[in-house]
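Trainee: Have a look at this one.
The values are calculated or read from the model by the stated rules, or taken from the named source; none is laboratory data. Bear in mind the structure is a predicted one, so any value in this text is a computation, not a measurement. Note: ideal-geometry Cβ built from the backbone for every residue, glycine included; neighbour counts use all protein chains shown. Note: accessible area is taken over every heavy atom of the protein model, side chains too, but ligands, DNA and RNA are not part of it. Shrake-Rupley method; radii C 1.70, N 1.55, O 1.52, S 1.80 Å.
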Amino acid sequence: MPGWPKEEEPDASLSAITKDLSTDPLGAISSLRKHLESHPLDADAYRVLAKALRFAPSPSTGTVTSRKMGGADSRLREAAQALQVDNLETAEIILRGRLREQPDDARAICLFADLAARLSYHQEAEELLRLAIEVAPGSDLGEVPLARLLYQQNRPEEALDVLASRRDEARPRLDALNLKAAALVRAGRTVEAEQAYINSLRRGPEQAAIWSSYGQLLRTLGRIEEGIAASRRAINLAPSSGHLWWSLSDFKTFKFGPADIAKIEAAFQDVHRHEAEEALLHFALGKALEDVGRTAESFRHYVQGNQLIKASTAYDPNLITGYVDAAEKTFSKLFASTSIGTGCAATDPIFLVGMPRSGSTLLEQMLGGHSQIEATMELPELLDIGEALVSDLRELPATLARLQAVDLERLGRAYIDGTRRYRRTDKPLFVDKMPNNWMYIPLIHLILPNARIVDIRRHPLDCSVSNFKQMFLNGQRFSNDLEWMGRYYADYVAFMRSIDQLLPGRVHRVMYEELVDSPEAEIRRLLGYVGVDFETECLRFHEGERVVRTTSADQVRQPINRQGIGSWHAYDPWLGPLKAALGEALNCYPQVPPA
């Protein structure tokens, strides 16, 4: 796979060309093109060229640019086709040559931005798309790709700003309208998002994927039956789509029937199916067979779906185990030598950590019923900070030990500033329920010493089986193998045991089964730890109208119940590898194994 081409230091002649811009724009254009022949990705030169083209809108320049943007060049079509099949090396060769010859070709710049994004050079891709917009203002080539790139980087408000600046915003293209709806959802502007989906479906009622996305939005709003109906409509339009069947199966309170099973089995006959789509069908069929009591067949399909995903993942369970081992050896010295209070003094975050499918959404919604606490979502900010510090998690303990007080305050402030975009109320406290943040408790402790940390824990077999049956579109790859699943859970328990020993009382623990059996007692205990008074609204979480953006969105619309407790028993005959990997974490539950 090609690397991103490195540019030389900026040519000193560029400054001289810039000075000629107002007096001799045509000469500047000619000089810039020569400059770009040897510096095809000089961002500053592109900016100057964009200005020069606006200074001298000659007929010849306009004609050439229009012809280039029209896509007549077969080389650009070849480059686009190469990108479609991930032949990045061929695309790079073609596009690099094209930009040397015609550096103001906006379409070539956009394709090069696509190449950069595929290579994870997101900053360079963004810059190229902004340059394409400058080079060809009003062409509508760069705006939608730029908005999509910003959306993919979890910058939905910026994406919406770009879409709003488009010339045809009064009657946007369908892809722009669909992207706007998705960005509005991510930005938490659900009322506007619903209207955007409605507008899109009025323009194009045969869009199966948009009907499905609309159904998921309705689900987060608590309109479960409408969401199921929208998902059904999507499947009617594309009955062999694995993604659409899986989306319907992800409604946890929905039950499939025999007719659905026949249709899902028929969908497997699509010979053009990608492996990811096939995996989604397996998960959907596993859920459908489970709903009608065909447990052995159900488990077989869950296994097949997980095997397909596992085959394409680079997950290494040794990474987490190695981190837990390194943490135990390092953090005792680190906490002893670091003055608490040196991070950011903010008191508003409540980190809800643990395993996925452990009851965290239930607990978050109970907390969100409180007048002082806002329920947000699984926020990516802390993971982003951690990944920016180290590329290998096992290096985190040593890296944290090297940070100075000024670094700790800066990182804590970056987290607080980054999470403001998710706040929708003026409540003083908010919940970040990203489960994987358990690995970053030492980071939280150092950069946000006044933050609250809550660990919610569920029976290891109930929790693990629930994860194994849940197809996660992104992340949580440990869930694709029963042994991996058991090791991850055991590592989590061992890590939390170390935290309890090193920082007694720092983390408040909630056991899911106790929360279900004694909700008022448990929530009173938790609110006492958080530092706020008990409010009965916390027990009426299912009556609220809050948006819930997790896989448990429809489950938490129901009163608290014991439905998920002991559910692992149905799959007990096949859980040997899981039990072996869990080891003492299973045998000791709800206690923890000794160190």
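Trainee: Among the numbered criteria (1) in contact with a Leu (Cβ under 8 Å, 6 or more places away or on another chain); (2) at pLDDT 90 or above; (3) not aromatic (Phe, Trp, Tyr), which single criterion is violated by residue 150?
Mentor: (1)
Trainee: Identify, from the list 312, 332, the residue that is of a type in the set (S, T, N, Q), farther than 16 Å from residue 449 by Cβ and without any contact (Cβ under 8 Å) to a residue 40 or more places away in the chain.
Mentor: That would be 312, the only listed residue that is of a type in the set (S, T, N, Q), farther than 16 Å from residue 449 by Cβ and without any contact (Cβ under 8 Å) to a residue 40 or more places away in the chain.
Trainee: Moving on to the next point. Quick one: would you say residue 176 is more than 27 Å from residue 254 (Cα to Cα), open to solvent by 20 Å² or more (accessible area, probe 1.4 Å) and out of contact with any His (no Cβ under 6 Å at 6 or more places or on another chain)?
Mentor: The answer is no for residue 176.
Trainee: Looking at segment 202-254, which of its residues are under 21 Å from residue 377 (Cβ atoms) and open to solvent by 40 Å² or more (accessible area, probe 1.4 Å)?
Mentor: 213, 216, 221, 223, 252, 253
Trainee: Let me ask something else. Test residue 137 against the stated conditions and say whether it is in contact (Cβ under 8 Å) with a residue 40 or more places away in the chain and touching a His at 6+ places or on another chain (Cβ under 9 Å).
Mentor: No.
Trainee: Tell me whether segment 252-269 contains one or more residues that are touching a residue at least 40 places away in the same chain (Cβ under 8 Å) and within 23 Å of the chain's Cα centre (by Cα).
Mentor: Within segment 252-269 (the criterion being touching a residue at least 40 places away in the same chain (Cβ under 8 Å) and within 23 Å of the chain's Cα centre (by Cα)), the answer is yes, since at least one residue qualifies.
Trainee: Any idea which of 193, 164 is over 23 Å from the mean Cα position of the chain (by Cα) and among the hydrophobic types (A, V, I, L, M, F, W, C)?
Mentor: After ruling out the rest, the residue left standing is 164.
Trainee: Filter segment 400-417 down to residues that are within 29 Å of the chain's Cα centre (by Cα) and among the basic types (Lys, Arg) and give me whichever is surrounded by the fewest Cβ atoms within 10 Å (Cβ to Cβ).
Mentor: 410
Trainee: Only one of (1) within 27 Å of the chain's Cα centre (by Cα); (2) open to solvent by 20 Å² or more (accessible area, probe 1.4 Å); (3) modelled with pLDDT under 95 fails for residue 471. Which number is that?
Mentor: (2)
Trainee: For segment 92-111, give me the residue count where each residue is modelled with pLDDT under 85 and either in contact with a strand residue (DSSP E or B) (Cβ under 6 Å, 6 or more places away or on another chain) or part of a loop (DSSP other than H, G, I, E, B) (or both).
Mentor: 3
Trainee: Now for a separate question. Counting only residues that are among the small types (Gly, Ala, Ser), open to solvent by 20 Å² or more (accessible area, probe 1.4 Å) and in a helix (DSSP H, G or I), which one in segment 274-314 is nearest to residue 253 (Cα to Cα)?
Mentor: 296
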